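Below you'll find the structure, written out as structure tokens, and then a few comments.
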């Protein structure tokens, strides 16, 4: 469900992938996304997607059902993006392009099919990497790692954490507003006025959060940490393995 809180059990948090520094996992995700942007072939994204899912299931101890539920809507979106780009590609109108399928008015060229499949494969890879990262990383641990290991400003890191944790509250506020409309004898379904109410409540929540952070002197100077974080050999192994997998995927392209 969109906006639902992602609850991580101890089994995933204590797994080898769960104990890797969130900064390392975030760096791997960004590096793989850059690598995907450098290729238009189908095989490299599929290799990265399989590697991410295999790491999530074995090293991250993510149940197959949890992973499939998280990926199902994203893979459907990837399929839709691939098909739409395949059908509406400019190569289909080129009479000199090699024809793959011709059914009535629909003509699909070979180049259009390859391009659509390649785009769908990249979306699948991005979704797989993002799902594994989300399902093995605690949001608070990520903010702590950004501050302590990546030297990000505490005001920015913990502000982003507060904003992330406030997203599910929008759904709760919307439910409350709909119930209030029903109590007043109005329709509890969709109404444009609900957006105004959600916006007002979001501003109030943000104002209270800003006051709370100012009261704790965020950004005023050096701070102590409740959970000090240190680099480990596991971070080096996972980071090196991820770079090797990316190099292998890009090498297969050629």
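Rule-based calculations on the coordinates, nothing more; no lab input. What you see is a predicted model, and the numbers here were worked out from it, not measured in a lab. Reconstructed Cβ throughout: ideal geometry from the backbone, glycine too, with neighbour counts over all protein chains shown.
Axis angle, to the nearest 10 degrees, between helix 22-37 and the longest C-alpha principal axis of the chain: 30 degrees. The ranking of 141, 102 from fewest to most other beta carbons within 10 Å of each one's beta carbon is 102, 141. Distance from the alpha carbon centroid of segment 14-30 to that of segment 173-205 works out to 39 angstrom.
Going by a ≥ b ≥ c, the root eigenvalues of the Cα gyration tensor, does segment 7-113 fall in the rounded group (a/c under 1.5), the prolate group (a/b larger than b/c) or the oblate group?
Numbers: a/c = 3.88, a/b = 2.37, b/c = 1.64.
Judged from the Cα gyration tensor, segment 7-113 comes out prolate (a/c at least 1.5, a/b above b/c).
What translational D, rounded to a whole number of µm²/s, comes out for segment 158-215 from Stokes-Einstein when the hydrodynamic radius is the Kirkwood one over Cα pairs, at 10 °C and 1.306 mPa s? Kindly include the intermediate steps, with their values, before the conclusion.
Numbers: Rh = 12.4 Å.
Roughly 128 µm²/s, to the nearest whole number.
Could you point to the label whose value was computed as percent of Cα pairs over 30 Å apart for the structure here, given [x] 28; [y] 47; [z] 23? After the calculation, the listed value that fits is [y]. Taking label positions 7 Å along the Cα-Cβ direction at both residue 69 and residue 190, the computed distance is 2.5 nm, reported to one decimal. Our summary gives segment 140-254 a relative contact order of 30 percent, counting only alpha carbon pairs under 8 angstrom and 6 or more residues apart.
Given only helices, namely DSSP H runs of n ≥ 4 each adding -39500 (n - 2.57), what is the per-residue ellipticity at 222 nm of the chain, to the nearest 500 deg cm²/dmol? Before the final figure, lay out each step's value.
Working: 9 runs with 170 residues, N = 254.
After summing the helix terms and dividing by the residues of the chain, the value is -23000 deg cm²/dmol.
I need 75, 32, 231 ordered by Cβ neighbour count within 10 Å, fewest first. Mind showing how you got there, number by number?
Values: 75 17, 32 25, 231 11.
By the 10 Å Cβ count, ascending, the order reads 231, 75, 32.
Length available on full extension from residue 138 to residue 37: 0.36 nm per residue minus the Cα-Cα distance, which gives 33.6 nm.
Can you put 226, 158 in order, fewest other beta carbons within 10 Å first? The partial results should precede the final answer.
Numbers: 226 6, 158 21.
Final ranking by Cβ density, sparse to dense: 226, 158.
Extension gain, residue 224 to residue 206, is 4.0 nm, computed as 0.36 nm per intervening residue step minus the present C-alpha separation.
Computed from Cα positions, the angle between helix 64-87 and the longest principal axis of the chain comes to roughly 50 degrees.
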